[in-house]
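The block underneath contains the structure these notes are about, expressed in C-alpha cells.
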C-alpha cells in the first residue's frame, strides 16, 4: 500500500471489444487492504468527445459506454476523494478493417480455449504499416497442420477458428513479421475444451436456525449442469466451525485432466536472421525417488538454540470412555446478536478478560457434605454431548431424482455448525457445497472449565452467560461438583446474576480442590423465569505430589571403591521410597552388540555393502581370536525376557518419567531390539561365510571395471571419488585389524588407480590455474585422503602419482593454519608414512594439546575445529586422532589413547550409533589392538551400609545386574571393583514428594524454566488474558540420543498453538497437563525451547516440575523445582 492511506483502482482492460464489456468495477481499499465505501466521478474522453458520470465503489457498474464508442483510443479518468485513476483503453470490433489505433503491431485473441458450445475463437492481427509480410504456422500435437504467408497493407485480419477433431488437444498458432528492422511475433495456444465435470448441489430443505440437541433432516438435490438428476454419492460432514480458528479446513478434490499443446517460439537473435523452432510435450518415464536418510547440512556449530511452539491433546492417563474437555470460550468479546451462536476457541481464552461483567447480586456456597440443600437445577437439562463433530456420512446415495436425505441429531453445544458436502459419480463428475447453521437458545451458558486442577490450587471457574432474548434477564448461576461414581454432590455454589438485553455477562466460582476425589463432574447451569441452560464437563483433580526420581550415574576405571551417600537422595517427608541399582561390569561388549546391525544389509548401496563386509569380517576374526564370544552370545539368547538383547529404549521403563509407548520412538525401540536379536545367530560360521560371499559379490558388481571407481547404486553410470575413497578406506582399515584380505585386494588395486588418476588430474588443473595468475588456497581434502589411504595400505605410487603427492604435501604444509583436527590427524598419518616423522610428531602433539579430559569421560575434543555434525558428533575426529597417535608414537601416547577409547565407550552409553560409517569407525578405533577388553572379569560387589545386595546373576559378557530394595534408614551405597577396565552403573532413588518441597536436581543435564512476559523479561505479576512465554533452557554435558523433556504446567495456562508434530529439530506432543518434547539427538551445549501460553483464569496454581532425561540411558536426567503462579 506504500505511504498512501487508500488505494483506488478500476478493472477496465486495455483492449476492449465493443459490445463485450458489460460491467466494470471501481475498488477503494484502506492501508490494511480492506474494501471501504466511496463515491466516484469518472470521465471518458477521446477523439470523438467526452462524457461524465457517477458511480459507487465495489459495485458492478453496468457500462454501456464501450458500445457507444467508436474504434480508437480513449481515456478513463476517475476521481474518488483524493485518489485519481487515469487509464487509456482501446475500443475495437471484429468488423474493423484497420487497427483501431496507429501501431506497427496489433494482436488480439478472444480466448485460450474453444467454447464447449462449439462456438468460435476470434483472432485479430495487423499493422498500420504498409507492405507487411506475415509468416504463420499452425501446429497440433506433433504435426504441422498449416504454414504460409499473409500480406498486410495497413490493415487488420480477423479469423474465426472453430474446433475440429484433427486439432486433438488444441492448436498452437505462431505469427511473425519484420518491419523497419524490428521483428514482431506472437504465439497463442487454443486448447480443446475440457469436459464439464461439475455437479450442481442445491438445497431443497435446509434450516439454518437450530436448537442444541434437536433431531433434524435436510434434503440436498444433485444434478448435472444441464439440470438432469445425477446418479451420485454424497460425502457429508458437519462440525463445530470454531475449529476453523485453529486450522481452516477444506476438502480438495481436483482430478487432473492433462492437455498437451505444442510449444513454438520465434527466435530473433539479430535483424539479419530469423529462426523458428517447435517442440511437443514428452512423456517421461517414472524415475524412483532416492530417499536420503540423513544428510548433514549443518554449519558445525554445536551450540545452537532450538525454538518452537506446542499444542494440546487429551489428558494423559484419562479414564477409558471419559472425554475430558478443555476451555471453550467465545471468540469475540462483544455482545452477541440474538441469532449468533457461540464459537469456541482455545486460542481465544483471553476473551473472558475483555468481557464486561454484569452485576452479581449474591453468592451462596451451599454444601459440600455429599448432598444438596435444595433441588437446584432439578429442572435444568444439562448439555452433556459437546462433540465437535455432529456427523460424518461417507456414502449417502442420491435417489432417482437426485435427492439425498441427511438425517442427524445435533450435539448440544451452542455454536455455529459448518456443513460440508462433496458429491461424486462414477465418471468423476464432482461438486461441493458449504453451509452454516446456528444452534442457540434464549439464554445460554458457556463454562470455561480448566483441563484439570491440582490439589492445593486456589482455582477459579468462570462461565459466560449470553442473553439473546432482547430483554434483560435475571436468574441464578450454579456450579455443582459431583462424584461420578456415587453421584453425590461434593460442592455447590450459587450466584445470582442479571444480564441486559443482547448482552453477555460473566459469573466466576471459586474452588479449592482437595485430595478426596481424583475425578469430578462439573455442572454449571443458569436458570430463571422461563429459561434454563447448562453444561456438564469432567474435571480431573491431579495430586499435588509427584513420583520423583533422582539419579546418580557413575563410572569406575580400574579396581577401586565407589561410595554414594543415599541420605541426600531421599529428602524428609518423602513416601513410598524405592532404591534401584544397575551395574554393567564390562560395557566394552556394547561395541560387539553393534556389529550385527552393520553386518545385516537392507540396502544394496555401496556404503552399506562395504560396512557390512567390514562388520562380518571383524566378526569372523573375533570368533577365531576368541571362541568365548560365541559362547557369550549363546548365553544371551537363553536369558529370560530378552535380557542383554533388550533395546536400551525398552529397558528401565519403571524408572523413566515418560513410558516408551508415549514417545515417537516405539518403532526405533522395536528396530533396535530386532537388531540385537540377530546376535543370537550372528556368530555362526556358515551364516558369516554366506554374508561375506553375498556382500563381496554385490560390492564387486558395483565397481566400474573400466576405471575402478565405485558408484552409489547399481545402474549408475559414473563413479565417485568420495564413495570410492570411503569403500577403500573401510577395506584398508579392515586389513590393518585382521590382516590382508586376498578377496578384496584386486578391487582395492583398481580403485587406488582411479583415485590416483583423479588426484593427478586435480594437481594439473591447479598448476594450470596458478600459472594463469589465480592465487588462492586450494582445498586438498580429497588428495590428502588419497595419501592417507596410500599410507595405510602401503600402496606404491607411480612416478606421476608421486610427483602429484609431493606437490600436495608441500602446499598443505605451507597452508596448514586452517586445518581441522580431523585433517590434521590425517596429515600426521600421511607425513609419518612419507618419512617425515618429526613433522608428523608436531601434528600429533598439537592434537594432544587440543584434548580436554575428565575422570569419567576420558580424553576428547571440545572444539569447533573437531568437525562436529548432528549425526556423528565428534566420533570421526576421535577415531582419526587415535589412529594418528598409534602410527606416529604408540608408546608415547598410550595413556592418552586409552582415555580417548574410554570416551568412545562413554559415547555408546548414551547413543544408538545407527549410522554404518559411524559404527564402523568407532569399533575399529576401540577394538584395534585392544581385544583383551572382552576378557571375563570378576563381578563387582554391591552393598548398602556394608551389607551385600541380593542381586540376580549377572548377564554373560556385559556382567549386567539390576536390583531394587526399600531403603529403610540406608546411609551409603558402595561398589567394590577388583578388576581392571571400565565399568559403570547408576543409582535411582524414587519417592513420592509434595510439589512445593521438590528441589531441582541434575545428572548429565541441567534444566531451568522461566515464565516470561511479552517483553521477554520474567513476569513479575500475571493477569487474566496475559500472553506469556515459558522458556526451557537445557544444558547437556555430552552428546545424547533420544532425549525427552516433560514440562508440566499450571491449570491456568492455555497453550497458544494447537498442533503436535516436528518443530525445529524436535517432536512436540502436548497433553492437557504437560507438554512433551522429544529430541532424536541432542549435542553437547545449550538448547532452548520456548512455548507461548495464555493465562485464562485467576487464582493460585502449582506448575509441577520440568524434567529432562535420556531415554537411551535414563541415569542421565535433570529436573526443575515446581513453581507457584499467582494470577490476578
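Miscellaneous remarks
- Residue check, residue 58 touching a strand residue (DSSP E or B) at 6+ places or on another chain (Cβ under 7 Å), more than 30 Å from residue 123 (Cα to Cα) and at pLDDT below 85: yes
- Set 518, 526, 545: member being more than 43 Å from the chain's Cα centre (by Cα) and either in contact (Cβ under 8 Å) with a residue 60 or more places away in the chain or outside the structural domain of residue 982 (by TED's automatic domain parsing) (or both): 526
- Count of residues meeting criterion [at pLDDT below 80 and surrounded by fewer than 20 Cβ atoms within 10 Å (Cβ to Cβ)] in segment 954-970: 1
Here is a yes/no grid of residues against (1) modelled with pLDDT of 90 or more; (2) under 30 Å from residue 586 (Cβ atoms); (3) assigned to a strand (DSSP E or B):
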{"residue": "974", "(1), (2), (3)": "yes, yes, yes"}
{"residue": "988", "(1), (2), (3)": "yes, yes, yes"}
{"residue": "1007", "(1), (2), (3)": "yes, no, yes"}
{"residue": "1016", "(1), (2), (3)": "no, no, no"}
{"residue": "1041", "(1), (2), (3)": "no, yes, yes"}
{"residue": "1044", "(1), (2), (3)": "yes, yes, yes"}
{"residue": "1051", "(1), (2), (3)": "yes, no, no"}
{"residue": "1058", "(1), (2), (3)": "no, no, no"}
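- Test for residue 498: is it in a strand (DSSP E or B), buried (at least 21 other Cβ atoms within 10 Å of the Cβ) and in contact (Cβ under 8 Å) with a residue 40 or more places away in the chain: no
- Where residue 119 falls short, out of the listed (1) out of contact with any strand residue (DSSP E or B) (no Cβ under 9 Å at 6 or more places or on another chain); (2) modelled with pLDDT of 90 or more; (3) closer than 30 Å to residue 45 by Cβ: (3)
- Exclusive hit being closer than 30 Å to residue 109 by Cβ, surrounded by 11 or more Cβ atoms within 10 Å (Cβ to Cβ) and within 50 Å of the chain's Cα centre (by Cα), set 21, 28, 17: 21
- Entirely in segment 776-893, the helices (runs of 4 or more DSSP H) that have 1 or more residues that are over 46 Å from the mean Cα position of the chain (by Cα) and not assigned by TED's automatic domain parsing to the domain that holds residue 556: 799-814, 821-833, 837-850, 875-889
- When every residue of segment 898-920 is checked against the conditions, none turns out to be in contact with a strand residue (DSSP E or B) (Cβ under 8 Å, 6 or more places away or on another chain), in a helix (DSSP H, G or I), farther than 27 Å from residue 956 by Cα and at pLDDT 90 or above.
- Residues in segment 104-119 that are more than 18 Å from residue 194 (Cβ to Cβ) and surrounded by fewer than 17 Cβ atoms within 10 Å (Cβ to Cβ): 104 alone.
Conditions (1) modelled with pLDDT of 85 or more; (2) in contact with a helix residue (DSSP H, G or I) (Cβ under 9 Å, 6 or more places away or on another chain); (3) outside the structural domain of residue 611 (by TED's automatic domain parsing), marked per residue:
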residue	(1), (2), (3)
727	yes, yes, yes
731	yes, yes, yes
734	yes, yes, yes
742	no, no, yes
751	yes, yes, yes
759	yes, yes, yes
763	yes, yes, yes
770	yes, no, yes
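- Of the listed requirements (1) more than 46 Å from the chain's Cα centre (by Cα); (2) at positive phi, residue 981 misses just one: (1).
- The number of residues in segment 507-522 that are surrounded by fewer than 22 Cβ atoms within 10 Å (Cβ to Cβ) and within 14 Å of residue 445 (Cβ to Cβ) comes to 1.
- Answer from 163, 184 - the residue that is in contact (Cβ under 8 Å) with a residue 24 or more places away in the chain, assigned by TED's automatic domain parsing to the domain that holds residue 110, part of a loop (DSSP other than H, G, I, E, B) and surrounded by 19 or more Cβ atoms within 10 Å (Cβ to Cβ): 163
For (1) free of Cβ contacts under 8 Å to residues at least 60 places away in the same chain; (2) in contact with a strand residue (DSSP E or B) (Cβ under 6 Å, 6 or more places away or on another chain); (3) within 24 Å of residue 610 (Cβ to Cβ), each residue gets a yes or a no:
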| site | (1), (2), (3) |
| --- | --- |
| 709 | yes, no, yes |
| 717 | yes, no, yes |
| 723 | no, yes, yes |
| 727 | no, yes, yes |
| 730 | no, no, yes |
| 736 | no, no, yes |
| 739 | yes, no, yes |
| 754 | yes, no, yes |
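Each row is one residue, and each column tells you yes or no for (1) outside the structural domain of residue 177 (by TED's automatic domain parsing); (2) surrounded by 16 or more Cβ atoms within 10 Å (Cβ to Cβ); (3) farther than 24 Å from residue 12 by Cβ.
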position	(1), (2), (3)
100	yes, yes, no
121	no, yes, no
126	no, yes, no
131	no, no, yes
138	no, yes, yes
155	no, yes, yes
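- Unique match (being surrounded by 14 or more Cβ atoms within 10 Å (Cβ to Cβ) and either assigned to a strand (DSSP E or B) or at pLDDT below 90 (or both)) among 362, 347, 373: 347
- Restricting segment 516-546 to residues that are in contact with a helix residue (DSSP H, G or I) (Cβ under 9 Å, 6 or more places away or on another chain) and not in a loop (DSSP other than H, G, I, E, B), the residue that is nearest to residue 465 (Cα to Cα): 545
- Among the conditions (1) touching a strand residue (DSSP E or B) at 6+ places or on another chain (Cβ under 6 Å); (2) not assigned by TED's automatic domain parsing to the domain that holds residue 1108, the only one that residue 1009 does not satisfy is (2).
- Failed item, numbered, when residue 543 is tested on (1) buried (at least 18 other Cβ atoms within 10 Å of the Cβ); (2) at pLDDT 90 or above; (3) closer than 28 Å to residue 1051 by Cβ: (1)
- Residue 1053 being over 25 Å from residue 551 (Cα atoms), in contact with a strand residue (DSSP E or B) (Cβ under 6 Å, 6 or more places away or on another chain) and buried (at least 23 other Cβ atoms within 10 Å of the Cβ): yes
The values are calculated or read from the model by the stated rules, or taken from the named source; none is laboratory data. The structure presented is a predicted model; accordingly, all values stated were derived computationally and were not measured. Quick reminder, even Gly has a Cβ in these numbers, built from the backbone with ideal geometry, and neighbours come from all protein chains shown.
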